[in-house]
Each structure stands twice: as C-alpha cells, then as structure tokens.
Amino acid sequence: DAKTTQPTSMDCAEGRAANLPCNHSTISGNEYVYWYRQIHSQGPQYIIHGLKNNETNEMASLIITEDRKSSTLILPHATLRDTAVYYCILRIQGGSEKLVFGKGTKLTVNP
Amino acid sequence: DTAVSQTPKYLVTQMGNDKSIKCEQNLGHDTMYWYKQDSKKFLKIMFSYNNKELIINETVPNRFSPKSPDKAHLNLHINSLELGDSAVYFCASSRQSGTQYFGPGTRLLVL
C-alpha cells in the first residue's frame, strides 16, 4: 500500500503556480520522496525527487518540510499540458526497486 | 530518440490465446520492470529484472512469464489469456536503485 496521502483532485489556472501537497507522516529516514505524473494514456513521467533538501529542476520544485512528514510539488507556471495525475511516492534508498503508486492527484489546468 | 519502447502499442485478442509484449531500452540501464495498470487506473509492479535476473515477482499468476534475453530487453509472455488480464502494461528501466523511466504502454484487450 502507498504510504502517501494526496488530494484526489485540484484545479489551477493556466500561467499560475500549481502547488500539489503530499503527506507522508510515517516516512523513514532513508526514504526519498519521488514525484511522477501520468498524462492521459501515456506512461508515467519522472518529475523530481528529494531526500530532505528542497530540489529544483527544469520541470518543477520540490519543497520538503523540515520534519519530512509532508512535501509540496510546485509547477511554477502551469500550462494546459500539465493536466495529469500526479503521484507522490516514497522509495527506500538502495532498497526494493519497486515504486508503489497510490491514487495520485488529478490536476486540471484551466485556460 | 526513444528511451523505453514497447511493442505492440495495442493488442486485442481472444480468451485462451498466448501473447507476448516486448520492451527495449537504450538508456544503458541494468534493471527493467513490468507494471500493470488496471481499469481503475491503479499502477502495480509485476516483475523486476536486474542484469537478466529476476529480483521482484509480485504474486503474479504463473501464466505471466517475463524473459530477459539481455540487459536491454524484457519481454512479457502471457499464456491462456483471461478477461481480467485486460489492462495497460508499462515497461520501465533504471540503473539499480535509480530513477525509473517508463515506456508508452501496451493496451491489452482480451475478448
């Protein structure tokens, strides 16, 4: 079972920042927070991951709280093409290879 | 350039038939996976291979048999197809314990 909790759905206006929350209150010290998204009918796409420091790449930023019990994925300027299901996943560093997907958050970017 | 590719993209077949799905990655990764996404959109790991050796087998019926001829390929053979096998099957690859990258999926419909 997934160890993360995410809202079922969110809406965002095009051009605005999309902030997607994730709760992982039982996270272990050696678990990374990974974010993937799945655009309709496509394979899951890797976005970003982090352990405890905030991370940024060309797609998004990841903010992890100091106690690591929650995180937020930020898409700084959402576009219509960012409409997708976003998954927050915990993965043990150097441990089991599998990703355990939950239900994710369906983000709809509106014009 | 396609990183993780799957063939066929669509597969429609009758119950009881045997079929194979192929996956290839050109990323130089040593670990490959099969995931299944059912009609309710839940994504679950089925198998994982590292350097052609099976390392994850998630209680999948033995009608499903993965085969890894080399590190770049992981094929999925399914015997005696059942209606419940209808799903989207995703292949993924990674360096060991690294970020997983997914293929576009194979949509299997069993009639």
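The values are calculated or read from the model by the stated rules, or taken from the named source; none is laboratory data. Small disclaimer: the values here were computed from a predicted structure and weren't measured. Reconstructed Cβ throughout: ideal geometry from the backbone, glycine too, with neighbour counts over all protein chains shown. All accessible areas refer to the heavy atoms of the entire protein, side chains included, with ligands and DNA or RNA removed. Shrake-Rupley method; radii C 1.70, N 1.55, O 1.52, S 1.80 Å.
Using a probe of 1.4 Å, the accessible surface attributed to B:Asp18 totals some 80 Å² when neighbouring protein chains are kept in position. Here the Karplus curve 6.51 cos²θ - 1.76 cosθ + 1.60, taken at θ = phi - 60°, turns the phi angles of the stretch B:27-41 into couplings of 9, x, 6, 10, 10, 10, 9, 10, 10, 10, 10, 7, 5, 8, 6 Hz, with x standing for Gly and Pro. Rolled with a 1.4 Å probe across the full set of protein chains, the surface gives B:Met32 an accessible area near 0 Å². Note on the protein assembly as shown: along the principal axes its Cα atoms extend 50, 39, 34 Å, ordered by decreasing extent.
Amide H to amide H distances under 5 Å link B:Met46 with B:Trp34, B:Tyr35, B:Lys36, where only residues 5 or more positions off or on other chains count and H is placed in the peptide plane. Considering all C-alpha pairs of the stretch A:2-111, those separated by over 24 Å amount to 18%.
Taking a Cβ cut-off of under 9 Å around A:Thr8, the surrounding Lys, Arg, Asp and Glu residues balance to a net charge of +2, with basic ones at +1 and acidic ones at -1.
Which value in nm describes the separation of the simple spin-label points at A:Thr56 and A:Gln93, placed 7 Å from the Cα toward the beta carbon? For the pair A:Thr56/A:Gln93, the computed spacing is 2.3 nm.
Rank B:Arg107, A:Arg16 by accessible area, highest first, at a 1.4 Å probe radius? Walk me through the numbers before you get to the answer.
On the way: B:Arg107 45, A:Arg16 155 Å².
Of B:Arg107, A:Arg16, the descending order of accessible area is A:Arg16, B:Arg107.
Peptide B:98-111 has a mean shielding of 3, counted as Cβ atoms of other protein chains within 10 Å of each residue's Cβ. Relative to the current alpha-carbon distance between B:Lys41 and B:Ala3, full extension at 0.36 nm per residue lengthens the span by 11.3 nm.
Which shape class, rounded, prolate or oblate, goes with the stretch B:1-90 when its Cα gyration tensor gives a ≥ b ≥ c as root eigenvalues, a/c under 1.5 marks rounded, and past that a/b bigger than b/c marks prolate? All intermediate terms of the calculation are to be shown ahead of the outcome.
On the way: a/c = 1.65, a/b = 1.48, b/c = 1.12.
It is prolate, given that a/c is not under 1.5 and a/b is the larger ratio.
Checking Cβ-Cβ separations below 4.7 Å across chain A identifies A:Cys12 as cysteines lacking any candidate disulfide partner.
Ligands, DNA and RNA aside, B:Asp70 has an accessible area near 60 Å² when probed at 1.4 Å.
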